[in-house]
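The values are calculated or read from the model by the stated rules, or taken from the named source; none is laboratory data. Predicted, not measured: the structure shown is a model, and the values here were computed from it. Virtual Cβ from ideal backbone geometry, glycine too; neighbours counted across all protein chains shown. The area values use the complete protein model at the heavy-atom level, side chains included, leaving out ligands, DNA and RNA. Shrake-Rupley method; radii C 1.70, N 1.55, O 1.52, S 1.80 Å.
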Amino acid sequence: MSGGRGGGLLPVDRVAIGYFGCTGLIAVAFGGLSGAGIAAAHAIAVFGITRLAAWRPRAGVAAIARGAYAVLLTPLLYAELAVLNRFLTQRYFDATVQAWDAALFGGQPSIGLSASLPWLPFSEVLHLGYFAYYAIIPAAILGVFATRGLEAMQRTALAVAAAFFVSYLIFMFFPVAGPRYEFAQIGGEIGEGTLFGIVHGILEAGSSKGTAFPSSHIAASLAGVLAAGREDRRWFWLLLIPELALTAGTVYGRFHYAVDALAGILLGLLVCAVLRAADAGARGARAAEGGQPAG
C-alpha cells in the first residue's frame, strides 16, 4: 500500500483524513464552543493533507516526514483527548474494566504484580521496558527505511498511525482513567528507583486522562514491530524483547489494567491483519488490471 492512486493521496493520508473527519464531526456536534475550535483545527489539517498529495520526496528527511507525518502528529492529538473524551460522556469506565480484570485474572494484576514482585532491579528493568516505547516506534520506522526503503517505511508508519487513531477513537467513546488514577502509586523500595522516577515523572507531565483502554502504547508499538518485521524480519527479532518488556511494564508500573494491555495486543494484531489484507487486495487489483500475476 505505497500510494500513488486516488488523486495522489497515500494510504496514510486517507487514514489521517478519516480520523480528523470523525473527530471533527464529533467535536462540532457535541463539544460546543471548544468543540468548534477543535473541529476548525481538524478541518485545516485535512486541507493541509490534501495539499500534500503532490509532494513525493523520494529520499532523506523529507521522505521520512512525508511518510510518517501522521505518527509525528500523534502526541499533539493525544493531548487533546482529555477534552474530546468529555464531549460524549462525563464518566470514566474504570469500574467496568476492573470487573473484566477480576473476571479474567481473579483480581487486579495492576496491583498484584508489583506487590508480589517488589524487587527493585526487576522493577527498573520493566520501567526501562515501558520507557523503550519512545524508541520502539522510531526504530521500526527508521530501521525499515534504512534497510528496505521508502515504500516499506510508508507501510510501517501506516500501521503505527492506524493503531494510534483507532485507539484514540475508542478513548472518545469509552474513556478509562487507568490504575494511576484509581489506585495508590507504588511505594517502598520500588518507588525509589531512578527509572521509576523518570517514567512516572514523564506521565505526570504529559498524560491525558481517559486514555487507558486499550493501551495505545502497546497497540501502536506492536503494530510497528509486526509491520517492520513483515518488511525485514530482523527488525521483528530486534524489537521483540523491548516490546515484551513494554507490555509487562505497563501493568507492573500501574499505568494500565491487564485488560488494557490485552486489548492493545489484540488491536495491534488486528490493524496489521486488516492492512495486510487490504494491501493484498490492492496488489491483486493492480495485477488484474495489468494482466500480471500478483506478486
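Once both axes come from the Cα atoms, what is the angle between helix 150-173 and the longest principal axis of the chain, in degrees from 0 to 90, rounded to 10? Relative to the chain, helix 150-173 is tipped by roughly 50 degrees. Note on the range 55-206: with charges restricted to the Cβ of Lys and Arg (+1) and Asp and Glu (-1), its dipole about the Cα centre is near 860 debye.
The listed residues I26, I241, I17 rank as I241, I17, I26 when sorted by accessible area, largest first, using a 1.4 Å probe. When the Cα convex hull of the range 1-132 is projected onto planes of every orientation, the mean area is 12.3 nm². Sum -39500 (n - 2.57) across every DSSP H segment of at least 4 residues in the chain, then divide by the residue count to get the 222 nm mean residue ellipticity, nearest 500. Estimated from H runs of four or more residues: -25500 deg cm²/dmol. Counting every C-alpha pair in the range 176-282, the share spaced more than 16 angstrom apart comes to 63%.
What residue among G210, G197, A140 has its Cα farthest toward the positive end of the dipole of the range 134-218, where the charges are +1 on Lys, Arg and -1 on Asp, Glu, each on the Cβ? The residue sitting farthest along the positive end of the dipole is A140. Under 5 Å between amide hydrogens, built in the peptide plane, is the criterion, and for T211 it picks out V176 among residues at least 5 positions away or on other chains.
Evaluating 6.51 cos²θ - 1.76 cosθ + 1.60 at θ = phi - 60° for every residue in the range 9-18, the Karplus couplings come out as 6, 7, x, 5, 5, 5, 5, 5, 4, x Hz, glycine and proline recorded as x. Report note on the peptides 55-68, 146-159, 169-182, 244-257: ranked by the mean count of other C-beta atoms within 10 Å, highest first, their order is 244-257, 146-159, 169-182, 55-68. In the context of the full set of protein chains, the chain has a per residue accessible area of 44 Å² (1.4 Å probe). Rounded to the nearest whole angstrom, the semi-axes of the ellipsoid equivalent to the chain, taken from the Cα gyration tensor as √(5λ), stand at 34, 24, 17, largest first. For the chain, what % of the accessible area comes from carbon and sulfur atoms, probe 1.4 Å? The computed percentage sits at 69.
Toward the positive end of the charge dipole of the chain, with +1 on the Cβ of Lys and Arg and -1 on the Cβ of Asp and Glu, the farthest Cα among V160, L244, Q90 is that of V160. Charges were assigned to the Cβ only: +1 to each Lys and Arg, -1 to each Asp and Glu. The resulting dipole of the range 1-117 about its Cα centre is roughly 580 debye. Residues in the range 263-276 carry Karplus couplings, in order, of 5, x, 4, 5, 5, x, 5, 5, 4, 5, 5, 5, 5, 5 Hz; the curve used is 6.51 cos²θ - 1.76 cosθ + 1.60 with θ = phi - 60°, and Gly or Pro positions show x.
What you get for the chain, charging only the Cβ of Lys and Arg (+1) and of Asp and Glu (-1), is a dipole of about 1080 debye around the Cα centre.
Ranking G8, V46, A99 by Cα position along the charge dipole of the chain, where only Lys, Arg, Asp and Glu carry charges on their C-beta atoms, puts G8 farthest toward the positive end.
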